[in-house]
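Below: one structure, written as structure tokens.
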Amino acid sequence: DLMPDRPFKRNGKPHARPTNGQVFQDAQAAQRALEAKLGPVAACWSYHDANGSLVGRVLRWNLPDGSKTIRPLAKHLDGWRIGAMPEPRPLYCLPEVLRAGAETPIVICEGEKATDAARRCGLVATTSAGGSQAAGKTDWTPLRGRRVVLLPDNDEPGEHYAETVARLKGMNLQF
């Protein structure tokens, strides 16, 4: 209560103050806590488990300098916390991926924004939470034996992401 309700800076970018492990009743309460520090979100992507239950969110803020700030929210046994989802993390749009017929190729994009763009084109698409460096923290088993198309960003992190996903052992992905 003694601190101003404005973001503090880390590496020149706005950053929400740590919540010291604070537990929130639901995802909306955790999001409101971040918005109180960083302002309204520009985008919110929800992650669901195989049963369709909400288990995580990824929030994005677009900054005036053209950069972005990303903050994840995760459901834990005791409530919602600001931080990454426990591993292994579910695929983005997992229920839709699971409903897709076996003959339907699954497009793997680098990031939620690109995945949503692919979905708007009528494709069944997914990604992993945590950015291009976190592909190995995801449960890719729902894609085992499926035909997939890798559609990463056209940059070095995107190339690394695609290589990491393609190397996943035991997945038997069909490219």
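Before moving on, here are some points about what is shown:
- Remark on segment 58-173: Rg and Dmax equal 14.5, 44 Å (Cα only).
- Rounded to whole numbers, the Karplus 3J(HN,Hα) couplings from phi for segment 39-44 are x, x, 6, 8, 8, 9 Hz, using 6.51 cos²θ - 1.76 cosθ + 1.60 with θ = phi - 60°, and x at Gly and Pro.
- The separation of segment 132-157 from segment 73-92, counted between C-alpha centres, amounts to 19 Å.
- Those aspartates and glutamates that a straight Cα-Cα span of less than 14 Å connects to residue 75, excepting residues fewer than 8 apart in one chain: 26, 49, 87
- Residue 155 versus residue 104: modelled label distance in nm, points set 7 Å from Cα along the beta carbon direction: 3.0
Each reported figure results from applying straightforward, stated rules to the coordinates on display, with no laboratory input. These figures come from a predicted structure and were not determined experimentally. No Cβ is skipped: glycine too gets one built from the backbone with ideal geometry, and neighbour counts run over all protein chains shown.
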